[in-house]
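The values are calculated or read from the model by the stated rules, or taken from the named source; none is laboratory data. Remember, it's a predicted structure, so these values are computed and weren't measured experimentally. Cβ: placed from backbone, ideal geometry, glycine included. Neighbour counts: every protein chain shown.
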């Protein structure tokens, strides 16, 4: 097996953030269980055991956070259909994932020690990772001054309300850190009584993926799951179980010139030999006319059309697309989020860059479906 560390215990810092994200979406585990059971015919004992634990945690959390709906909605409510939220940007979560923090106290201390330059770099990296299943801050790491971060934030194609929130968070970080860490401490309080049960499931998770990775490489696993091609990483990979986001999957890839950190692969605990990781299981793909309407809406944007045309016969990275099409890096990142989530673009990670290429097969399939739908 390639160089790989599989975490076999629950990380309460990560899971505290996950609990806030779950509560912010205003979805419940009972509904998720019903949807997955119906769609994938899941009924095995371990599957039910996992959901029993998650539903009990959720019940306790709703009691603990009964007076915090406003705060949860502000920071962890979904800002768009991709499920992104500003709370994770505020606490520089994408950067923190590269580190192991023993406690929330240590996590906060690391934030407080950041210089202005470091803060700007890490906030820019968090913006670059906003909405992306493959997270890398390659195009944002040169922003080291506040005015640069504000400028790039204003150029992002997100809601004006979201821009304003992120600007206020960036300029008044300590106030917002205090508010979010108050929520995190409550989340940790909810999770502590369940740590032993979570660790038991984490050991089962680790044993399963140790077996999986004897048969396939990390590159193959990621390719099969989200159709992203990774380059080799001498630092290896760290595989982390995700409890409170149980059907979640993401790959963290550092964008430095010299890769000096492993890939960080986060996998929801629901995935096992009865429920394999795939694009179908990771996200709901709209059926029929709903999916066609989504694709046509994307293609109605001239910039997205130009991007797809540019990468129809070759791959290109974000900065190259920005230069060729006279767009900002932030705008390219925004467009790619929609195109990748619709399956129209495939991502590849090579060295320090993320490359994009058009998924010609998927584009042809959906356009042919549109033709049949409208003419036959």
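For the subset of the range 135-150 comprising residues that are outside any loop (DSSP other than H, G, I, E, B) and modelled with pLDDT of 85 or more, which member is surrounded by the most Cβ atoms within 10 Å (Cβ to Cβ)? Checking each candidate, the answer is 149.
Scanning the range 334-376 for residues that are in a loop (DSSP other than H, G, I, E, B) and over 18 Å from residue 297 (Cα atoms) yields 351, 352, 376. Going by the structure shown, is residue 42 in the same structural domain as residue 189 (by TED's automatic domain parsing) and modelled with pLDDT under 95? Against the criterion (in the same structural domain as residue 189 (by TED's automatic domain parsing) and modelled with pLDDT under 95), residue 42 qualifies. In this structure, residue 318 does not qualify as more than 23 Å from residue 157 (Cβ to Cβ) and modelled with pLDDT of 75 or more. Restricting attention to the range 1-41, the residues being over 18 Å from residue 191 (Cβ atoms), in contact with a helix residue (DSSP H, G or I) (Cβ under 7 Å, 6 or more places away or on another chain) and outside any helix (DSSP H, G or I) number 3. Can you tell me which residues in the range 52-68 are surrounded by fewer than 16 Cβ atoms within 10 Å (Cβ to Cβ) and under 23 Å from the mean Cα position of the chain (by Cα)? 55 - this is the single residue of the range 52-68 that is surrounded by fewer than 16 Cβ atoms within 10 Å (Cβ to Cβ) and under 23 Å from the mean Cα position of the chain (by Cα).
Residue 132: surrounded by fewer than 18 Cβ atoms within 10 Å (Cβ to Cβ), in a loop (DSSP other than H, G, I, E, B) and at pLDDT below 90, yes or no? When the stated conditions are applied, residue 132 does not pass them. Of all residues in the range 81-98, none that is in the same structural domain as residue 111 (by TED's automatic domain parsing) and more than 19 Å from residue 262 (Cβ to Cβ) has its Cβ atom under 7 Å from the Cβ atom of a residue that is at pLDDT below 60 and crowded, with 23+ Cβ neighbours inside 10 Å, 6 or more apart or on another chain. If the condition is being within 20 Å of residue 230 (Cβ to Cβ) and at pLDDT 80 or above, then the range 322-350 contributes 336, 339, 340, 343, 345, 346, 347.
For the range 151-180, a residue qualifies if it is within 19 Å of residue 332 (Cβ to Cβ) and not in a loop (DSSP other than H, G, I, E, B), and the qualifying residues are 151, 152, 153, 154, 155, 162, 163, 166. Considering only the range 198-217, I want to know if a residue exists there that is modelled with pLDDT under 90 and farther than 23 Å from residue 46 by Cβ. Among the residues of the range 198-217, at least one is modelled with pLDDT under 90 and farther than 23 Å from residue 46 by Cβ, which makes the answer yes. If you go through the range 28-51 and keep only what is under 20 Å from residue 208 (Cβ atoms) and more than 24 Å from the chain's Cα centre (by Cα), you end up with 41, 42, 43, 44, 45, 46, 48, 49. Among the candidates 239, 228, the residue that is surrounded by fewer than 20 Cβ atoms within 10 Å (Cβ to Cβ), touching a helix residue (DSSP H, G or I) at 6+ places or on another chain (Cβ under 6 Å) and either under 30 Å from residue 60 (Cα atoms) or modelled with pLDDT under 85 (or both) is uniquely 228.
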